Amino acid sequence: MSKRKPSSFAPYFTTSDADQVRAAFLAAGQLEGYASISELIEAATLKEVRRLQRRHNHGRPWDGAGPGSLRPGQRTRAEQTTEHQGRP
């Protein structure tokens, strides 16, 4: 896990997904060595980031994208639909 956390952001989950994340942490978090739900979410996110790096960037980290490089908030349904058009 990251030792220093100079910036942060919060993911959005549906109610049922958030319920499952909390349930997984309560049921197995301590057994798996997670001290907090944040550690679990961080580990899962970084695992996916490493997979994306392997698949789309020859296994190398990308240049960092600092705070302010993404727009705030969750995408609207219309934006999500538009983004997924043309994808298999």
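None of the figures in this text is laboratory data; all of them are computed from the coordinates on show. The model shown is predicted, which means the values in this text are computed figures rather than measured ones. A quick note on method: Cβ atoms are made from the backbone with ideal geometry, for glycine too, and the neighbour counts reach across all protein chains shown.
A few points about this structure:
- For semi-axes √(5λ) of the Cα gyration tensor in Å, the value computed from the atomic coordinates appears in the list (1) 25, 20, 15; (2) 28, 19, 13; (3) 28, 14, 9 under label (1).
- Additional length obtainable on full extension of the chain from A18 to H58, 0.36 nm per residue less Cα span: 11.2 nm
- Counted without the sites themselves, the longest stretch of the chain free of trypsin sites (Lys or Arg not before Pro) in a DSSP loop having at most 11 other beta carbon atoms within 10 Å is 5-88.
- Structure remark: mean-square fluctuation, Gaussian network model of the chain, C-alpha springs under 10 Å; the largest value among A35, A43, A78 belongs to A78.
- When you restrict to C-alpha pairs under 8 Å that are six or more residues apart and normalise by the size of the chain, the relative contact order lands at 20 percent.
- For the chain, the longest principal axis of the Cα atoms and the long axis of helix 15-24 meet at an angle of about 40 degrees.
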